[in-house]
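*Asks:* Below is one structure. I have some questions about it.
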Amino acid sequence: MNTTSFLGALGLAFCACGPAFGATLDDIRERGVLRCGVSADLPGFSIKGGNDEWSGFDIDYCRAVAAATLGDAKAVEFVSLGRDDTRFEALTSGDVDLLSGDTTWRYGNDAARDVDFVGVNYFDGQGFLVPRGHGITSAKELEEATICVVAGGGAAAKLAEYFRTHNISHTPLVLATTADAQRAYLAGDCLVYTNDASRLAATRATFEVPGDHILLPEVISKEPLGPAVRQDDSGWADIARWTLNALITAEELGITSTNVTELAASSELTGVRLFLGVDGDQGAALGLSSDWVRNVILSVGNYGEIFERNIGQTTPIGIARGLNAQWKDGGLLYAVPFR
């Protein structure tokens, strides 16, 4: 479907209905910086490099929200958080404004806590990493294998359920942290390391010879990862949600960091002009500037650009789009319509 016909079908239109904004946006603007909670040392997703500069898939989402709210993608203070309950405590206490990445949108993380997930930005699932030299091509070949798994988060339970369902005996080696599991795997204490497939790909990229390790094709759980905000500010949740939708929609429409300025200046398509804030004031409904989408895309690119730059197949992480391809390309990625 070309851009013109897609926009015609979409019928983009924006409502400047005025919501009651909470305090989060005001607080961010007053301090001049967005505080974003991210995972530590997860290559491709969130990692601190030289000069304390953060980069990664989840980092770019934080920068997108900063561009939307402050007009400056660099106005972000990144707060390194663990995978345990402290990440939610940091969010609900106000230590961070936004939790980005490596967090599964599931019942226990949503209904049981005072947080709201604003969407899914990465469809993941629990997988298996094995040494290439063993010739293993499927998880169903892991009879009697010792498998490293991290305590907490349900990975051990999902592992046990999968192997019980397929009548495969195994020995779980339960470790306290992902670092412990990684060390045990590399030391040969276990044949297999199981974790979210994205985390396994990121871990593999840190090995001395990444190509000596392969991800098996089986994915044994659903792990929809996404950003979360506190439950007490629906206006702020809308901003976080529609920033994610803007990144996905921009890719769908073929709007990139390299052509967004040109399209804003020259496009005669009503939908594009409204989406980019050239006509109308679609930012008013969120308390943002009319050109907030332009600021986001110009700063970090669209969803596809963020994916390929940080974790795509040409990077050391080497992840194919798969389920994270656009819906029109056979994936699950689907933006809520801007109308």
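Computed from the coordinates by the stated procedures, all read-outs in this text should not be read as laboratory data. Everything quoted here is computed from the prediction, not taken from an experiment. In this analysis, Cβ positions are derived from the backbone assuming ideal geometry, glycine residues included, and neighbour counts consider all displayed protein chains.
*Asks:* Going by a ≥ b ≥ c, the root eigenvalues of the Cα gyration tensor, does the stretch 75-225 fall in the rounded group (a/c under 1.5), the prolate group (a/b larger than b/c) or the oblate group?
*Replies:* It is prolate, given that a/c is not under 1.5 and a/b is the larger ratio.
*Asks:* Among 95-107, 32-44, 278-290, how do they line up from the highest to the lowest mean number of other beta-carbon atoms within 10 Å?
*Replies:* Most protected by this proxy first, the peptides run 95-107, 32-44, 278-290.
*Asks:* Would you mind classifying the stretch 154-233 by shape? Square roots of the alpha carbon gyration tensor eigenvalues, ordered a ≥ b ≥ c; an a/c under 1.5 is rounded, otherwise it is prolate if a/b is larger than b/c and oblate if not.
*Replies:* oblate
*Asks:* To make sure I understand, if each residue's beta carbon is the centre and we count other beta carbons within 10 Å, what order do F117, F128, F207 fall in, fewest to most?
*Replies:* F207, F117, F128
*Asks:* Give the angle, between 0 and 90 degrees and rounded to the nearest 10, that separates the Cα long axis of helix 234-253 from the longest principal axis of the Cα atoms of the chain.
*Replies:* It works out to around 90 degrees.
*Asks:* Give me the count of lysine pairs in the chain whose alpha carbons sit under 26 angstrom apart, restricted to pairs 8 or more positions apart or on different chains.
*Replies:* For the chain, qualifying lysine pairs total 5.
*Asks:* Just one of (1) 59, 51, 39; (2) 78, 56, 38; (3) 64, 44, 40 is Cα extents along the principal axes in Å calculated from these coordinates, so which is it?
*Replies:* Calculated Cα extents along the principal axes in Å: the matching label is (3).
*Asks:* I've got another one for you. Which cross-chain or sequence-distant (5 or more) residues have an amide H under 5 Å from the amide H of L34, H modelled 1.01 Å from N in plane?
*Replies:* For L34, whose amide H was placed from the backbone, the distant partners under 5 Å are V76, E77.
*Asks:* Additional query: Could you give each residue of the stretch 52-68 its phi-based ³J(HN,Hα) in whole Hz, using Karplus coefficients 6.51, -1.76, 1.60 with θ = phi - 60°, and x for Gly or Pro?
*Replies:* Here the 3J(HN,Hα) series is 6, 8, 8, 8, x, 4, 6, 5, 5, 5, 4, 5, 5, 5, 5, 5, 5 Hz.
*Asks:* What are the residues whose amide H is under 5 Å from the amide H of H213, where those residues sit 5 or more places off or on another chain and H is modelled from the backbone?
*Replies:* HN-HN under 5 Å from H213: R132.
*Asks:* For E77, put the label point 7 Å out on the Cα→Cβ axis and report which residues of the stretch 91-130 keep their amide N under 20 Å from it.
*Replies:* 91-101
*Asks:* I've got another one for you. Please say if the stretch 49-90 is rounded, prolate or oblate, where rounded means a/c under 1.5 for a ≥ b ≥ c the square roots of the C-alpha gyration tensor eigenvalues, and otherwise the choice is prolate for a/b larger than b/c and oblate otherwise?
*Replies:* Since a/c reaches 1.5 but b/c is at least a/b, the shape of the stretch 49-90 is classed as oblate.
*Asks:* What FRET efficiency comes out for the pair E161/T270, r = Cβ-Cβ distance, R0 = 45 Å, nearest 0.05?
*Replies:* Using R0 = 45 Å, I get an efficiency of 0.30.
*Asks:* Sorting check: for 108-115, 63-70, which peptide has the highest mean count of neighbouring beta carbons within 10 Å, and how do the rest follow? All intermediate terms of the calculation are to be shown ahead of the outcome.
*Replies:* Details: 108-115: 13.9, 63-70: 25.2.
Order by mean packing, descending: 63-70, 108-115.
*Asks:* Taking every DSSP beta bridge with both residues inside the chain, roughly what % is antiparallel (nearest 5)? Numbers along the way, then the final one.
*Replies:* On the way: 18 of 35 bridges.
Percent antiparallel among DSSP bridges in the chain is about 50.
*Asks:* Would you mind checking which residues have amide H under 5 Å from I47's amide H? H placed 1.01 Å from N; only 5 or more apart, or other chain.
*Replies:* Those lying under 5 Å, H to H, from I47 are L42, S55.
*Asks:* Between I168 and A111, how high is the FRET efficiency from 1/(1 + (r/R0)^6) when r is the Cβ-Cβ distance and R₀ = 45 Å? Nearest 0.05. All intermediate terms of the calculation are to be shown ahead of the outcome.
*Replies:* Details: r = 33 Å, r/R0 = 0.73.
Once the sixth-power term is evaluated, E becomes 0.85.
*Asks:* Express the relative contact order of the stretch 126-221 as a whole percentage, based on alpha carbon pairs under 8 Å and six or more residues apart in sequence.
*Replies:* For the stretch 126-221, the relative contact order is 49 percent.
*Asks:* OK, next. Once the piece of chain linking T137 and A176 is laid out straight, how much longer is it, given 0.36 nm per residue of separation minus the C-alpha distance between them? Before the final figure, lay out the partial values.
*Replies:* Working: separation 39, 0.36 × 39 = 14.04 nm, distance 2.77 nm.
Additional length available on full extension: 11.3 nm.
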